[in-house]
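A quick write-up on the structure given underneath.
Derivation of every value follows stated rules applied to the coordinates shown; laboratory data play no part. These numbers come from a predicted model, not from an experiment. Here the Cβ positions follow ideal geometry from the backbone for every residue, glycine too, while neighbour counts run over all protein chains shown.
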Amino acid sequence: MNLASIRAVFTCALLACTLAGAQAPKNVSPAGGVNPTNIPTSTGGAALSGKFVLDDGTAPPDRVRVELVCNSMPRPQGFSDDKGNFTIQLGISNLDPLSDLTYGTPNSRAAGGAGSITAPSDMDTLPKDLTGCELRGALPGFRSGVTPLTAHRRLDSSDVGTIVLHRLSNVQGLTVSATTTMAPEAARKSYEKGLDALKKHNPDDAAKEFRKAVDAYPSYAAAWYQLGRVNEAKSRWKDAADAYRKSIAADGKYLYPYERLYLVTAHDELWPEVRDVTAKTIALDPVDYPNAYYFSALANLNLNDMDAGEKSAREAVRLSLATNPRAGYVLGVILARKGNLPEALQLIRGYLQAVPNSVEVDMVKQQVVALEKMTTGK
C-alpha cells in the first residue's frame, strides 16, 4: 500500500465514510469549555459548601463552576452564586439543558467523522472515600486553588472553606460583557425576565424576553448569547449561530459566545468559520478552551491544511487527551496524511485502547491494518 492509498483511507474515514447521527463514542466530550454541566454521575454524595474569592479578597466577576476532580478527571458539580458562595451535593448533576448547556449536546447528525460533536458519557462512580479527589473552581481567565477531599467523611464539616482564584495574565477575554452595564433599563428588565424563565424551564418565554432585550438594545452581547443558547438547545442551529455572531459583534472580548459558535458551525461543517472562530478564541484565552485547539485541528484537516492541523492537534493532545481521546485520533489521522506513519499508528492504536466500544471501531481497526501494512512494507 502506497502513501496515496493511506491518504485515501483517511480522507474517506473523515469526510465520507461515517454514519450520520451515530451515537457518540464513550468518554469523548470534544465540545468542552465553559459551563460544562449536565453530566450524569453517581448520586447520594456528600454535601459541601464554601466560597470562591479573588486573590485580592473580592468576589469573582462571574459565577464560578464548581469541579470535583478525581484521578485527573473533572466532574462539574454546579455553580457558585454571584457572590462566590456555593453549596453542592457531590454526584448530583443539573440535568436541565437550558440552565447550563453541556460540553456537547447530542446533535441530530454528526459533524464529519472525527468532528462529531458528542455528548459526554456517564461518569464512573465517585470513590467512596474520595481518595485522589479535590475540589476546585473553573472560571475563564483565572487559575483556581484546590481543596483536597481524600478521606472526607459524611460526618465531617460540609464547609470546605475559601478557594482562591488567581487572574491569568495571558487571558484577554472576559466572562462579563462590558455592554451589560450600558444596557437601558427596559432591556435589562427583559434580560432578567429571560433568565428567570430559564430557571423555571420555560425556554419559549425566555426566548421572547431575550428578543425584547436585543430589540431594545441591539448591542446587548449577553442577551444575544442567551438567545443563542435557547436556539441551540432547540436545535435551531442557524438561529443560534446568528445570535452568537451578533453577541461577538457587540463585544469582541466577551468569551462565552465564541465557544458555542465554533461548536454550532462545526455541526454544520462550516470549516472556514470554525477555523476563524477557534483562532479568535485561542487568541483571547489560550488556557481555558482546550477543545478550541481540537476543533481548530479538525477544521484545518477538512480544509487540507495539514501543518496548521498538526500544530493545533498536538496542543489539543497536550491539554486534553485524557478527557477527549479523539484528539489523539485526529492527530493520528493528520500524521498519516502527512506520511508520519509510525507515530500515526501509535496514536490511533491508543484511541482504540481508550475507546474500545466506539461505534466506529471497525473503521478505525481498518485504518490500523492499513498503517501496519505500510510501516512493515507488507
How many angstrom separate the Cα center of the range 280-314 from the Cα center of the range 215-273? 19 Å
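Val164: net charge of surrounding residues, Cβ under 12 Å, Lys/Arg +1, Asp/Glu -1, itself excluded?
Working: positive: Lys51, Arg136, Arg143, Arg167; negative: Asp55, Asp56.
Residues near Val164 contribute +2 overall.
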Sort Ile163, Ile282, Ile348 so the one with the fewest other Cβ atoms within 10 Å of its own Cβ comes first. Ile282, Ile163, Ile348
Give, in nm to one decimal, the length gained when the segment between Ala47 and Asn85 is fully stretched (0.36 nm per residue of separation minus the Cα-Cα distance). 12.3 nm
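Would the range 230-301 count as rounded, prolate or oblate if I go by the C-alpha gyration tensor, calling it rounded below 1.5 in a/c and otherwise prolate when a/b exceeds b/c, oblate otherwise?
Values: a/c = 1.83, a/b = 1.19, b/c = 1.54.
Oblate, since a/c reaches 1.5 and b/c is not below a/b.
Cut-off is 10 Å between beta-carbons; in what order do Glu259, Glu185, Glu315 appear when sorted fewest neighbours first? List each step's numbers first, then the result.
Values: Glu259 26, Glu185 8, Glu315 20.
Ordered by Cβ neighbours within 10 Å, fewest first: Glu185, Glu315, Glu259.
Pull out the extension gain between Glu192 and Leu352, defined as 0.36 nm times the separation in residues minus the alpha carbon to alpha carbon distance; nm, one decimal.
52.9 nm
Evaluate E = 1/(1 + (r/R0)^6) for His201 and Glu372, where r is the Cβ-Cβ distance and R0 equals 35 Å; express this FRET efficiency to the nearest 0.05. Kindly include the intermediate steps, with their values, before the conclusion.
Details: r = 52 Å, r/R0 = 1.48.
That pair, His201 with Glu372, gives E of 0.10.
Based on other C-beta atoms within 10 Å, arrange Val214, Val330 from fewest to most. Before the final figure, lay out the partial values.
On the way: Val214 24, Val330 29.
With the fewest neighbours first, Val214, Val330 line up as Val214, Val330.
Taking only C-alpha pairs under 8 Å that are 6+ residues apart, what is the relative contact order of the range 151-297 in percent?
Values: 189 pairs, mean separation 30.9, N = 147.
The normalised contact order for the range 151-297 reaches 21 percent.
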